[in-house]
Amino acid sequence: MGGLTWRVARVLDTHQENASARSLHLHVPGWPGHRPGQHVDVRLTDERGDQAARSYSIASTPQGEHLTLTVVRVQDGEVSPYLVDDARPGDQFEVLGPIGGYFVWDAPGNAPLLLVAGGSGLVPLMCMLRARFTRPHGVPAALLYSLRAPDDTLFAHELDDYARRDASFVLTRTYTRTAPPGWTGLTGRVGATTLATVTTRPAGTPEPTAFVCGPTGFVERVARTLVELGFTPDHVRTERFGPTGRTA
């Protein structure tokens, strides 16, 4: 991070993803570009000069000086309530980034892409998916999205549209508390049985590169299970959110 500098970001517009989550589309002059999976630090300064900073994943594709952050409100948070509830077009704050070099996807070779998201852990994985769909011939990809209830979903219409128009992308959701009415898909926490349904691959095909993001316990459980199912550890990359990871 030694070469990074704080830049002023201006809110262009916003989009409410659900009752507690919002996407902010920003213009960041001089933005150097980013890689799918990276994040930024956001710093707010109040009228007294007091500052608070938190980290947020980048949701937009790596192009131009525009940047999208999708933020979930954290109870008693110092930064997320402003970003979710109060920020308006024209407002400005500072961003530092892009940050991160391990949890990134640069479409290496023809290895399939496996994404496993818990809650708001979908955000950096969405950046990867959006980057994949900008390429004319994307590698096969699968997303397993674990969420508590339908009201918690992010990017619902966009994900469903991807799944409808691209047979090489497989979307699987599982609900851990409340499923939609008439739901016949998966329910319950992600475990070996659930992961086995999305990790099966024909003999002779490359091992997928897996990216797992979400709360710490979720990430550790999924990563361990993937290795038990035959993934080599080098093919499983993880990012954690929550008390022992990046928070909002």
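Read-outs throughout are calculated quantities, based only on the coordinates presented, and are distinct from any laboratory measurement. Nothing here was measured: the structure is a model prediction, and the numbers come from that model. Please note: Cβ atoms are built from the backbone with ideal geometry, for glycine as well, and neighbour counts cover all protein chains shown.
Which length gain, in nm to one decimal place, applies between residue 151 and residue 85 when the Cα-Cα distance is subtracted from 0.36 nm times their residue separation?
Full extension of this stretch gives 22.0 nm more.
If you take the beta carbon distance between residue 161 and residue 48 as r and set R0 to 41 Å, what does 1/(1 + (r/R0)^6) give as a FRET efficiency, to the nearest 0.05?
0.35
With n ≥ 4 as the cut-off for DSSP H runs, can you work out [θ] at 222 nm for the chain, using -39500 (n - 2.57) per run divided by the number of residues, rounded to the nearest 500?
Value at 222 nm, helices only, nearest 500: -5000 deg cm²/dmol.
Largest first and in whole Å, give the semi-axes of the chain's equivalent ellipsoid, each being the square root of 5 times a Cα gyration tensor eigenvalue.
30, 20, 17
Hey, what's the per residue convex hull volume over the C-alpha atoms of the range 25-112, in cubic angstrom?
122
Among residues other than residue 46 whose Cβ falls under 15 Å from its Cβ, what is the net charge (Lys/Arg +1, Asp/Glu -1)?
That sum, taken over residues with Cβ under 15 Å, equals -3.
What FRET efficiency do you get for residue 168 and residue 229 if R0 is 25 Å and r is their Cβ-Cβ distance, rounded to the nearest 0.05?
Efficiency, from the Cβ-Cβ distance: 0.70.
Arranged from highest to lowest average of other beta-carbon atoms within 10 Å per residue, in what order do the peptides 26-35, 118-127, 45-54 appear?
In descending order of packing, they fall as 118-127, 26-35, 45-54.
Give me the Kirkwood hydrodynamic radius of the range 113-241, using the inverse of the mean 1/r over all pairs of distinct Cα atoms, in Å to one decimal.
Over the range 113-241, the inverse of the mean reciprocal pair distance is 14.9 Å.
Taking 0.36 nm per residue of separation and subtracting the Cα-Cα distance, what length does fully extending residue 106 through residue 134 add?
Contour length minus Cα-Cα distance gives 8.8 nm.
Under the definition of Cα pairs under 8 Å and six or more residues apart, what whole-number percent is the relative contact order of the chain?
20 percent.
Using Cβ counts within 10 Å as a stand-in for footprinting exposure, how do 11, 222 rank, fewest first?
The fewest-first ordering by Cβ neighbours comes to 11, 222.
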